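A short worksheet on the structure shown next.
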Amino acid sequence: MRGCMLVLALVMTGWAWGQSDSMDDTDTRAVTKANFLYHFAASNEWPEEVKSGDFHLTIIGNDRLYEELVDKYAMKMVGAQPLHVNGYSDVSQMPADEFHHLVYCDEGGAELRNLADAVRDTPTVLVSDAPDGLQQGAVINFVALNNRIRYEINTDDAAKKGVLIGIKTMRWAIKQTP
């Protein structure tokens, strides 16, 4: 019986297929971006008119990032609002009649521009990962710097939306574009 238990334990831990517990399948980019996105949600001052009900953090085009946010942050609060994480495979799936506080879009180009146009007159903070994300209408854009994920901010666009970017978020940005 002990032999059967040992085999079961080895199969459950992956040893039966030659895997070792030292292998780590963590997607560090998704973990880092999820941490930043939750920080963006929790550290900014949002307009009063969007401080009731759920806080909607939406991910478009990145299933791994969506899963990371759900796994680590879905039970958290943003101020007095329960965090609700939404995930869509592309921009066309995001309901146009629902408000989303913070939207991360993995797509660039025309898709990002169209999304930026759709949320232009709302207090939605659009976050992108495109080489020209700020020029396409994102308020915050992830960039790679020395193999690390950093971000840049368009402070003027945030102010136009009525969103006050938090001090820590501002300090950690590598670039602030007025």
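Throughout, read-outs are computed from the coordinates displayed, never taken from laboratory work. Remember, it's a predicted structure, so these values are computed and weren't measured experimentally. With ideal geometry, Cβ positions are generated from the backbone for all residues, glycine too; neighbour counts draw on all protein chains shown.
Exceeding 24 Å between C-alpha atoms, which entries from my cross-link table qualify? They are LYS33/LYS72; LYS72/LYS161; LYS33/LYS76; LYS72/LYS160.
LYS72/LYS161; LYS72/LYS160, as the Cα separations exceed 24 Å there.
Which shape class applies to region 25-177: rounded if a/c is under 1.5, otherwise prolate when a/b exceeds b/c and oblate if not, where a ≥ b ≥ c are the square roots of the Cα gyration tensor eigenvalues?
Rounded.
Give the residue list of trypsin sites (Lys or Arg not before Pro) in region 87-165 that are DSSP loop and have at most 14 other beta-carbon atoms within 10 angstrom.
Filter output for region 87-165: ARG120.
Sequence gap at least 6, Cα distance under 8 Å: using those rules, report the relative contact order of region 70-165 to the nearest whole percent.
18 percent
How high is the relative contact order of the chain, in percent, counting Cα pairs under 8 Å that sit 6 or more residues apart?
With pairs under 8 Å counted, the relative contact order is 18 percent.
Could you compute Rg(Cα) / (2.2 N^0.38 Å) for region 90-158, with N its residue count?
Working it through for region 90-158, the quotient is 1.06.
Could you put MET77, MET170 in order, starting from the residue whose Cβ has the fewest other Cβ atoms within 10 Å?
Going from least to most buried by this count: MET77, MET170.
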